[in-house]
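Note sheet for the following structure.
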Amino acid sequence: MESIQAVKGMNDILPGQIEWWQKVERIARQVLEDFGYREIRTPALEKLELFSRGIGESTDIVEKEMYVLEDSKGEKLALRPEATASVVRSFIQHKLHADPLMQKFYAIGPMFRHERPQKGRYRQFHQIDVEAFGIDDPMLDAEVMYMLRIFLERVGLTGVVLHINSLGCPECRKAYRKVLQDYLERYADALCPDCQRRRHTNPLRTFDCKVERCKELLEGAPMLLESICSECAEHFERVKSYLKDLDTPFVINPRMVRGLDYYMRTTFEVITDRLGAQNAVGGGGRYNGLVKDLGGPDLPGIGFAIGMERLILLLQQESEEQRRSPQVFVAALGEAARQRAFLLTQQLRNAGLETEMDYEGRSLKSQMRRADKLSARHVLILGEEELARGEIQLRDMMEKSQRNLPLETAAEVLKGICGGK
Ligand code: AMP
């Protein structure tokens, strides 16, 4: 009999993989709880209306990506495509706003979107989701992004960039909508059918379009960030200044609009260049009108979600690379230098550093090529001249810097730099 396979785009997480998930979840809980967030779990299935009202009727998520079903009574339900709307619903339903200690939440669990599966994009995926209510001060915006950075650092993710933008308030958006519509009208015929429609229903969403021609046309579009009101601009200035105080690097990306309608003012994404098209590891922003729109009190909110699959893919890639590459590569030119380099290689290994050398007396150029292929972070170069002076050249391949070290203490110095066993 034919065996039954899992649903396309929905993955099993097997032993061997699950350890990564456990580690990421453990560190998330530690970091988030240190910042005063408490765990909340909401159902995977909610009333459809929660998402269409919460996320916005004319977003891709609501228009195209939701798993919608009808129960036997004819009630329309949806598998949650994201967590914010559910957490807000729960916050309102249980009147958690009445308790000053119940304003900051995190949720970990599966989300469902009917997208075309590819690396880093699935139909069931998992998020670590964070939501904070009741505080409008830009200090919280900066703190939330700082917390995200601390979490990513603790799990060991490197090489990601924090993109930030301000989407203004509903007032500035109203004025901008018209400006953008006028711009889009000029190119109406060249836009894809989706953007033709978005132009009328929700013009800001054209920035999300993946069609190359639309992306090109939007290159020249007027930017919302340039026309936000003075209060929104002041808020954004303070967010940036607090981020600087917290030593949290960021770039301003005025084209980042995020895929959900509830955002206003601060929005942000953590971007990688190592996952192909799926370049966002996490993202979030402020959503001051949402609690009220979903029937609660008029309380501000801000939050973000991290995609666990993407985060774990990156962590695995990184650990693979680290496992494969030696920390130090020793290159030598000339027989005497080669012999000395051979000794140094053993000294470095004894100091606990993974070290490779060239045994075949090849040219410096081909030795450097090999060091590069192995992705060695540090290369030590010993030529006849250096040997005569009792020195060796150290190149840091990542920082692209070089300096000379005394040959005698080179192993000690490298151990200090790389932190040997
Ligand atoms: P969003 O709020 O849509 O930006 O989603 C937040 C994060 O969830 C993204 O930055 C991704 O890391 C992750 N994510 C969103 N959609 C998917 C998907 N279909 N598959 C895997 N991860 C996803």
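Things to note:
- Under the convention that each Lys and Arg Cβ holds +1 and each Asp and Glu Cβ holds -1, the size of the dipole of region 1-109 around its Cα centre is about 360 debye.
- Relative contact order for region 325-418, counting Cα pairs under 8 Å that sit 6 or more residues apart, in percent: 32
- Protein accessible area in region 325-418, 1.4 Å probe - carbon and sulfur %: 50
- Evaluated on region 176-229, the Kirkwood hydrodynamic radius is 11.0 Å, with distances taken between all distinct Cα atoms.
- With respect to the chain, whose longest principal axis is taken over its alpha-carbon atoms, helix 335-350 is tilted by about 50°.
- Summed residue charge, Cβ within 12 Å of R29's Cβ, Lys/Arg positive, Asp/Glu negative: 0
- Loop-located trypsin sites (Lys or Arg not before Pro) in region 44-112 (DSSP state other than H, G, I, E, B) with a sparse environment of at most 15 neighbouring Cβ atoms within 10 Å: K73, K95.
- Shape call, region 325-418: gyration tensor on alpha carbons, a/c limit 1.5: rounded
- What region 325-418 shows is 55 Å² of accessible area per residue, with the surface traced by a 1.4 Å probe over protein heavy atoms.
- Whichever aspartates and glutamates have a C-alpha closer than 14 Å to that of K119, once near sequence neighbours (fewer than 8 apart) are set aside: D273, E309
- Dipole magnitude for region 137-222: about 300 debye, using +1 per Lys or Arg Cβ and -1 per Asp or Glu Cβ, origin at the Cα centre.
- Note on region 175-189 and region 9-44: Cα centroid distance 43 Å, given to the nearest whole angstrom.
- Rounded to 10°, Cα long-axis angle of helix 18-34 versus longest principal axis of the chain: 70
- The simple Förster model, with R0 at 25 Å and r as the Cβ-Cβ distance, assigns L374 and E153 a FRET efficiency of 0.40.
- Ordering V211, I55, L148 by the projection of their Cα atoms onto the charge dipole of the chain, which places +1 on the Cβ of Lys and Arg and -1 on the Cβ of Asp and Glu, puts V211 at the extreme positive end.
- Length gained on full extension, E408 to M223, computed as 0.36 nm times the residue gap minus the Cα-Cα distance: 60.7 nm.
- Look at where the Cα atoms of region 324-364 and of region 46-97 average out, and the two centres are 60 Å apart.
- Region 37-80: GluC sites (Glu not before Pro) falling in loop per DSSP and having at most 14 other Cβ within 10 Å: E57, E75
- Calculated on alpha-carbon atoms, Rg and Dmax of region 1-117 in Å: 17.0, 58
- For the chain, the relative contact order comes to 15 percent (Cα pairs under 8 Å, sequence separation of at least 6).
- Accessible surface comparison of H97, H114, H126, probe 1.4 Å, protein chains only, largest first: the order is H114, H97, H126.
- Separation between Cα centres of region 260-309 and region 197-251, rounded to whole Å: 14
- Helix axis angle, 170-186 relative to the chain longest principal axis, alpha carbon, degrees: 80
- Computed from phi, the 3J(HN,Hα) profile of region 405-411 under the Karplus parametrisation 6.51, -1.76, 1.60 (θ = phi - 60°) reads 10, x, 4, 4, 9, 4, 5 Hz, with x in place of Gly and Pro.
- Loop-located trypsin sites (Lys or Arg not before Pro) in region 205-248 whose Cβ has at most 16 other Cβ within 10 Å (DSSP): K210
- Förster radius 51 Å - calculated FRET efficiency between M102 and K64, Cβ distance, rounded to 0.05: 0.90
- With only the Cα atoms considered, region 217-331 has a convex hull volume of 193 Å³ per residue.
- Förster radius 51 Å - calculated FRET efficiency between L77 and R323 (Cβ-Cβ, nearest 0.05): 0.70
- Of the accessible area of region 1-103, computed with a 1.4 Å probe over protein heavy atoms only, carbon and sulfur atoms account for 53 percent.
- Three principal axis lengths of the chain [C-alpha, angstrom, descending]: 83, 56, 52
- For q = 0.29 Å⁻¹, Debye-computed log10 I/I(0) when each Cα of region 80-122 counts as one equal scatterer: -1.06
- The chain, dipole about Cα centre (Lys/Arg Cβ +1, Asp/Glu Cβ -1), debye to the nearest 20: 560
The values are calculated or read from the model by the stated rules, or taken from the named source; none is laboratory data. Treat the numbers as computed from the prediction; the structure is a model and nothing was measured. Cβ atoms come from the backbone with ideal geometry, glycine included; neighbour counts cover every protein chain shown. Quick note on the areas: whole protein, heavy atoms, side chains included, nothing else; ligands and nucleic acids left out. Shrake-Rupley method; radii C 1.70, N 1.55, O 1.52, S 1.80 Å.
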